């Protein structure tokens with residue numbers, strides 16, 4: 001690409017993490033086993049912090065909404081520590097979005113309880129396109145940005161219209177999706193795929209979007225169905241890279257529809273401290289690879305290594321390292 005930089009748009013969230021001892025069944029009780037902690041979260045915060053760590057010289061632009069409150073100040077203070085991040089287009093109004101994260105200390109799985117807050121109002125009109133001089137724009141999470149998830153008569157959704165505007169301005173587009181229960185994927189996600197150069201999502205999101213089974217009822221990965229799901233994402237409109245990530249590895253189709261898979265790293269016992277940001281870390285690695293002009297398999301290797309970095313710490317972004325350090329970890333653990 002032309003190395004103007006990357007814009008990251010969408011969800012800006014404060015995550016409040018509670019370590020628990022197992023998930024309760026309905027009507028049952030579980031124990032919070034330690035102090036709660038607060039961290040920035042969401043697509044914008046996680047990916048932009050990760051990208052800044054991977055490359056301190058990469059120009060990054062943030063596009064999103066937070067509230068005029070303490071939580072909004074918390075996010076701004078964190079992002080202002082990053083000298084290569086432009087915050088001029090952050091809008092402040094209302095209440096900052098927050099997520100209560102229940103993190104099981106035993107299984108390392110987590111569940112999320114989300115308050116939309118200011119994120120629900122983020123829309124294309126918030127973007128000053130004339131000031132947005134970037135090569136690539138990544139936006140997420142679809143299904144968690146209410147104004148952009150709304151129907152659009154011409155493009156299907158407001159998100160699809162926004163992506164179309166970006167492409168018309170010569171900006172490559174990338175999308176991410178949130179994992180949720182329900183039937184909205186085909187209706188809300190599908191229109192955005194038509195205007196996405198890159199789509200980087202997990203196996204559950206890919207299954208819900210494409211309708212191709214990737215998980216059994218007990219959570220076993222149907223690896224043999226990965227190529228079909230990736231081809232379906234391309235058929236639905238993704239122009240360049242379709243990528244699926246999961247604990248077992250990263251899988252993708254490149255711009256020539258060549259299939260690649262990279263197995264997950266062999267992490268030592270006790271290595272995983274938390275999984276709240278692993279998916280965004282993987283996405284950040286693939287995005288950086290796309291921006292740098294790497295072949296897809298190299299970008300997936302970087303994404304796999306970045307996810308491993310994230311897993312080394314309880315929060316979403318604390319474990320991220322520079323590109324050189326991240327790839328050194330990959331070589332050590334592959």
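Miscellaneous remarks
- Where a residue in region 21-32 is at positive phi and its partner, wherever it lies, is surrounded by fewer than 12 Cβ atoms within 10 Å (Cβ to Cβ) and in a loop (DSSP other than H, G, I, E, B), with Cβ under 8 Å and at least six apart: 22/106; 22/107
Here's the yes/no breakdown for (1) in contact with a helix residue (DSSP H, G or I) (Cβ under 7 Å, 6 or more places away or on another chain); (2) modelled with pLDDT under 95:
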residue	(1), (2)
18	no, yes
34	no, yes
54	yes, no
59	no, no
64	yes, no
68	no, no
73	no, no
96	yes, no
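- Residues located in region 154-175, provided they are more than 18 Å from residue 61 (Cα to Cα) and either in contact with a strand residue (DSSP E or B) (Cβ under 9 Å, 6 or more places away or on another chain) or in contact (Cβ under 8 Å) with a residue 12 or more places away in the chain (or both): 155, 156, 157, 158, 159, 160, 161, 164
- Subset of region 108-131 [touching a residue at least 24 places away in the same chain (Cβ under 8 Å) and more than 21 Å from the chain's Cα centre (by Cα)]: 128, 129, 131
- Residue selected from region 132-153 under the condition in a strand (DSSP E or B) and free of Cβ contacts under 8 Å to residues at least 60 places away in the same chain, by the criterion surrounded by the most Cβ atoms within 10 Å (Cβ to Cβ): 142
- Failed item in (1) modelled with pLDDT under 95; (2) closer than 23 Å to residue 275 by Cβ, with residue 186 passing the rest: (2)
- Residues that are in a loop (DSSP other than H, G, I, E, B), over 16 Å from residue 142 (Cα atoms) and touching a strand residue (DSSP E or B) at 6+ places or on another chain (Cβ under 7 Å), drawn from region 84-127: 84, 87, 89, 93, 96, 105, 127
- The set of residues from region 59-83 being surrounded by fewer than 19 Cβ atoms within 10 Å (Cβ to Cβ), in a loop (DSSP other than H, G, I, E, B) and either in contact (Cβ under 8 Å) with a residue 12 or more places away in the chain or in contact with a strand residue (DSSP E or B) (Cβ under 8 Å, 6 or more places away or on another chain) (or both) comprises 59, 68, 69, 82, 83.
- Matching entry among 248, 255 (being more than 23 Å from residue 99 (Cβ to Cβ) and touching a strand residue (DSSP E or B) at 6+ places or on another chain (Cβ under 6 Å)): 248
- You will find that of 39, 52, the residue that is within 16 Å of residue 281 (Cβ to Cβ) and in contact (Cβ under 8 Å) with a residue 40 or more places away in the chain is 39 and no other.
- Meets criteria (under 30 Å from residue 102 (Cα atoms), surrounded by fewer than 22 Cβ atoms within 10 Å (Cβ to Cβ) and under 14 Å from the mean Cα position of the chain (by Cα)) for residue 284: no
The values are calculated or read from the model by the stated rules, or taken from the named source; none is laboratory data. For clarity, every value in this text was computed on a predicted model and none was experimentally measured. Cβ atoms come from the backbone with ideal geometry, glycine included; neighbour counts cover every protein chain shown.
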